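What follows is a short report on a single structure.
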Amino acid sequence: MDSFGSDFSSGAAESGKMDPGTIMEQVKVQIAVANAQELLQRMTDKCFKKCVGKPGGSLDNSEQKCIAMCMDRYMDAWNTVSRAYNSRLQRERARI
Amino acid sequence: MDTQGVTADPQLQQFIEVESQKERFQQLVHQMTDVCWEKCMDKPGPKLDSRTETCFVNCVERFIDTSQFILNRLEQTQRGRGSLSESMSD
């Protein structure tokens with residue numbers, strides 16, 4: 001994440017102030033990265049809890065298969081929640 | 001127009017508002033997926049079966065209902081009794 005913060009200086013060099021388009025693009029990238037990191041962090045937490053029992057010397061085959069399936073199911077769940085939340089928001093707005 | 005700095009730029013203002021709203025949405029999706037996973041997911045299988053999917057959908061709806069319920073009751077409590085701590089001694 002640090003490398004994204006240091007890129008802000010390059011846009012200011014030419015004009016002394018930042019081009020709004022550049023700022024917006026960089027902010028969008030930072031937001032996307034932050035969301036991906038959050039997703040990965042929660043997915044790792046959930047799948048570790050579901051798939052890894054007493055930690056051994058390595059992840060065995062069944063644990064790896066479980067984690068792979070768990071990742072896909074977590075994405076399915078995330079998409080389901082996103083759709084459901086979006087529907088609810090639209091319904092609430094229609095009421096106003 | 002930009003002499004006061006980037007916050008005076010209406011294009012940036014709108015961008016900030018739109019992105020902030022998107023981010024609030026994303027954060028809630030993360031939070032609800034987390035909470036609903038605990039309630040709805042047994043052992044992860046080869047696909048999300050319809051019963052589990054229904055559970056997630058219900059979970060989202062009930063989570064938002066809960067949030068609204070809490071806000072409404074808090075508002076009622078403060079209007080009627082003057083403080084939350086008074087009503088908590090019931």
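Here, each number is a calculation from the coordinates, and none is a lab measurement. Computed from a predicted model, the values in this text were never measured in an experiment.
Rounded, prolate or oblate: which one fits the stretch A:12-76, using the alpha carbon gyration tensor with axes a ≥ b ≥ c (rounded when a/c is under 1.5, else prolate when a/b beats b/c, else oblate)? Judged from the Cα gyration tensor, the stretch A:12-76 comes out prolate (a/c at least 1.5, a/b above b/c). Go through A:Lys50/B:Lys47; A:Lys54/B:Lys39; A:Lys65/B:Lys47; A:Lys49/B:Lys22; B:Lys22/B:Lys47; A:Lys46/B:Lys43 and tell me which ones have a Cα-Cα distance over 18 Å in this structure. Long pairs (Cα-Cα over 18 Å): A:Lys54/B:Lys39; A:Lys49/B:Lys22; B:Lys22/B:Lys47.
Of the two radii for the stretch B:34-76, the radius of gyration is 1.16 times the Kirkwood radius, both from the alpha carbons; that is the Rg over Rh value.
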